[in-house]
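Below: the structure, in structure tokens.
The values are calculated or read from the model by the stated rules, or taken from the named source; none is laboratory data. Please read all numbers here as calculations on a predicted model, not as lab measurements. Glycine gets a Cβ as well: all are built from the backbone with ideal geometry, and neighbour counts include every protein chain shown.
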Amino acid sequence: MSACRGTMRWNSHVGGSTSMANLSQLMTVTCGGNVSGGETSRSQQTMLTILALFAGLALSAVWGLAAGSTSATLALANAYKVPMVILLSALTALPAGLVALRLLGAPLPAQQLVGAFASAIFGGTLVLATLAPLVAIYYHTSSKAGLPLALGSVFVALATASLLFARAVVRRLADHPRRASSFIAVAVLVVLFLAALLQFVGMASPIIDAGTRFDGGFDAVFSR
């Protein structure tokens, strides 16, 4: 029995160390660095892509709780609505990006496009989670700054994610002579993600208690 307990403790320690190592690698890749050991294998890329997606969804839930913190019901609903909006938007846009990649004969492999997209989502949601405490504080202490700060944090996160996505693709292609076609596929993916995000936000509203023009989706944002 003592041997079994020792084995369980060792496995737990190894599992925790592995998880921390994976998160460390993900942060390194997201920040534009290289993982230890040089090039990542196909299985390692897949693992990092999955980790980036799920970590990003968890981080977005933190922001959702802060954005709805004026109401316990809204905060709990946001804990699943905000990750759902991001996930559905990504799933809606990704096929078009992959099709564009194929039709243009772009040199960027599909797996690397998906990996760069997932790490960009992780980077953007990391910004959201970092700003979440500030959003919550201002929601409870300022009637004027709470809403602009919440919306501003979203725009900063989207801009950060877009820049990380572009940088990741640039790093993967280096000085490839035909990399322009890959950037077209990236642009298609980003534009469709934003378009889908706008509508899913409208469908999932309210996310912010004060209500915004984005709650009505495309028609409300672009109405005269």
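Numbers below:
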quantity	calculated
Residue in the stretch 144-158 that is in a helix (DSSP H, G or I) and at pLDDT below 85 present	yes
Top-ranked residue of the stretch 193-224 - restricted to ones that are β-branched (Val, Ile, Thr) and assigned to a helix (DSSP H, G or I), ranked as surrounded by the most Cβ atoms within 10 Å (Cβ to Cβ)	VAL201
Answer residue from the stretch 184-224, given it is of a type in the set (Phe, Trp, Tyr) and under 19 Å from the mean Cα position of the chain (by Cα) and is nearest to SER89 (Cα to Cα) among those	PHE193
Selected residue [closer than 22 Å to PHE214 by Cα, among the small types (Gly, Ala, Ser) and out of contact with any Asp or Glu (no Cβ under 7 Å at 6 or more places or on another chain)] from ALA118, ALA136, ALA106, ALA185	ALA136
Single residue of LEU128, LEU103, LEU94 found to be hydrophobic (A, V, I, L, M, F, W, C) and free of Cβ contacts under 8 Å to residues at least 24 places away in the same chain	LEU103
ALA161 free of Cβ contacts under 8 Å to residues at least 60 places away in the same chain and crowded, with 18+ Cβ neighbours inside 10 Å	yes
Some residue of the stretch 29-40 being surrounded by fewer than 18 Cβ atoms within 10 Å (Cβ to Cβ) and assigned to a helix (DSSP H, G or I)	no
